[in-house]
Amino acid sequence: ETAEFLGEDLQQVEQRLEPAKRAAHNVHKRLQACLQGQSGSDMDKRVKKLPLMALSTTMAESFKELDPDSSMGKALEMSCAIQNQLARILAEFEMTLERDVLQPLNRLSEEELPAILKHKKSLQKLVSDWNTLKSRLSQAAKNSGSGQGLGGGPGSYGHTTTANKVETLKEEEEELKRKVEQCKDEYLADLYHFATKEDSYANYFINLMEIQADYHRKSLSSLDTALAELKENHSQAEPSPSMMAAPFSRVYGVSLGAHLQELGRDIALPIEACVLMLLSEGVKEEGLFRLAAGASVLKRLKQTMASDPRNLQEFCSDPHAVAGALKSYLRELPEPLMTFDLYDDWMKAASLKEPRARLEALQEVCSRLPQENFSNLRYLMKFLARLAEDQEVNKMTPSNIAIVLGPNLLWPPEKEG
């Protein structure tokens with residue numbers, strides 16, 4: 001009954017209404033069943049109901065019965081803490097899922113789409129009634145025209161009654177037609193609105209995957225950090241010297257020239273990778289390069305830098321570890337980035353009192369650096385200048401940066417005796 005009012009494009013939109021409603025309803029129902037916490041509750045209540053928190057509580061109770069200095073006791077204590085943390089990450093994930101996916105899907109399946117379908121049924125009912133009324137009117141008009149009525153003749157009382165009936169039906173038909181037009185306009189508006197909103201409805205499912213990805217990243221990061229620390233404490237993750245030598249020989253502790261030549265690079269891998277990660281998430285971090293990173297995270301970052309540099313994303317969230325890896329690379333170079341040969345010249349230039357003369361002298365010494373050292377120093381200095389732009393937030397003034405990084409860029413050669 002409604003197809004005659006719709007163009008081909010809107011007929012296609014109309015055909016998607018029911019499947020969209022079913023999809024939203026079914027996915028909402030199944031996704032709701034995936035939640036482990038108490039739906040609609042706040043963070044603390046939700047966390048208490050999670051199986052991971054029950055596991056953490058059991059570990060805590062078991063830990064109390066063990067010698068805290070025993071290896072099993074230490075492992076159980078840290079496992080208890082990480083299960084607690086994982087439970088909180090899961091609770092945060094489920095609350096975000098409810099707010100950004102489940103609630104919109106529920107509104108779509110239980111409110112927005114049913115309202116459109118209700119308009120459709122109303123329009124179908126009105127059109128059906130209208131068609132019925134038009135048939136009655138047509139039949140009444142025929143009867144009136146043929147003179148059929150209670151009295152038989154054209155001038156009879158029956159004819160007059162039939163004519164009155166025709167007029168009444170015409171009025172009803174006009175009123176019903178008006179209602180059909182009004183309902184049709186509302187339904188067309190509904191269809192256009194649905195068509196324009198379909199992309200945003202699709203975003204509900206994209207949001208679902210983004211929220212899941214973020215949850216898994218946070219969980220993995222917490223597990224990796226805890227696992228590395230746990231293994232380090234229990235001497236389970238110490239690689240053999242032979243394993244260490246192979247990957248690290250390409251990155252840390254080798255000359256700049258050998259590193260660049262072997263990897264075919266212009267900028268050293270640790271310098272470029274660390275600068276890019278810090279530009280992404282670290283320039284506003286207070287005390288960058290000054291505050292020490294966790295030893296286990298730093299160690300794992302250096303290992304990843306040497307063995308699998310394409311998988312460094314997980315470390316972006318720990319800018320102090322990234323800054324530590326950069327300082328460590330510079331310090332472990334066999335020769336400082338600013339070179340032994342120019343050590344005395346750097347010291348002499350820096351000792352000049354007059355600022356302009358000092359700057360010119362420093363630029364002159366800089367021009368005598370080997371090209372590879374010059375390129376890497378310039379790359380690093382551009383980043384440090386960018387870091388200093390946010391000194392009000394990160395508290396790293398040029399002076400503070402010089403204090404913490406200077407000793408990693410230049411140190412005197414060892415003299416005999």
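The values are calculated or read from the model by the stated rules, or taken from the named source; none is laboratory data. Owing to the predicted nature of the structure, the values given are computational and were not obtained by experimental measurement. FYI the Cβ positions are ideal-geometry reconstructions off the backbone, even for glycines, and counts take in every protein chain you see.
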Applying the selection to segment 281-296, what residues are in a helix (DSSP H, G or I) and of a type in the set (Asp, Glu)?
Glu281
Given the condition at pLDDT 90 or above, in contact with a helix residue (DSSP H, G or I) (Cβ under 7 Å, 6 or more places away or on another chain), crowded, with 16+ Cβ neighbours inside 10 Å and not hydroxyl-bearing (Ser, Thr, Tyr), answer yes or no: does some residue in segment 351-358 qualify?
no
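So which residues in segment 246-274 are within 30 Å of Lys74 (Cβ to Cβ) and either out of contact with any Phe, Trp or Tyr (no Cβ under 7 Å at 6 or more places or on another chain) or at pLDDT 90 or above (or both), if there are any at all?
Pro247, Phe248
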Cβ pairs under 7 Å, 6+ apart or interchain, first in segment 191-210 and within 14 Å of Leu105 (Cα to Cα), second surrounded by 14 or more Cβ atoms within 10 Å (Cβ to Cβ) and at pLDDT 85 or above, ordered by first then second residue, are Tyr204/Val101; Tyr204/Pro104; Tyr204/Leu105; Asn207/Asp100; Asn207/Val101; Leu208/Val101
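Condition test on Leu278, is it surrounded by 15 or more Cβ atoms within 10 Å (Cβ to Cβ), hydrophobic (A, V, I, L, M, F, W, C) and assigned to a helix (DSSP H, G or I)? Let's see the steps before the verdict.
Details: surrounded by 15 or more Cβ atoms within 10 Å (Cβ to Cβ): yes; hydrophobic (A, V, I, L, M, F, W, C): yes; assigned to a helix (DSSP H, G or I): yes.
Yes: the conditions hold for Leu278.
Does segment 153-162 contain at least one residue that is at pLDDT 75 or above and assigned to a helix (DSSP H, G or I)?
Within segment 153-162, the subset at pLDDT 75 or above is none.
No, that holds for no residue.
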For segment 365-381: of the residues being surrounded by 15 or more Cβ atoms within 10 Å (Cβ to Cβ) and of a type in the set (S, T, N, Q), which is farthest from the chain's Cα centre (by Cα)?
Asn373
Residue list for segment 283-296, filter: buried (at least 17 other Cβ atoms within 10 Å of the Cβ) and at pLDDT 85 or above
Val283, Glu285, Leu288, Phe289
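Residue by residue through segment 382-405, note down the ones that are surrounded by 14 or more Cβ atoms within 10 Å (Cβ to Cβ) and closer than 20 Å to Ala325 by Cβ.
Filtering segment 382-405 for residues surrounded by 14 or more Cβ atoms within 10 Å (Cβ to Cβ) gives 383-384, 387-388, 390-391, 394, 396, 400-401, 404-405.
Phe383, Leu384, Leu387, Asn394, Met396, Asn400, Ile401, Val404, Leu405 - these are the residues of segment 382-405 that are surrounded by 14 or more Cβ atoms within 10 Å (Cβ to Cβ) and closer than 20 Å to Ala325 by Cβ.
Would you point out the residue of segment 117-147, among those that are exposed (fewer than 14 other Cβ atoms within 10 Å of the Cβ) and of a type outside the set (Ser, Thr, Tyr), that is modelled with the lowest pLDDT?
Gly145
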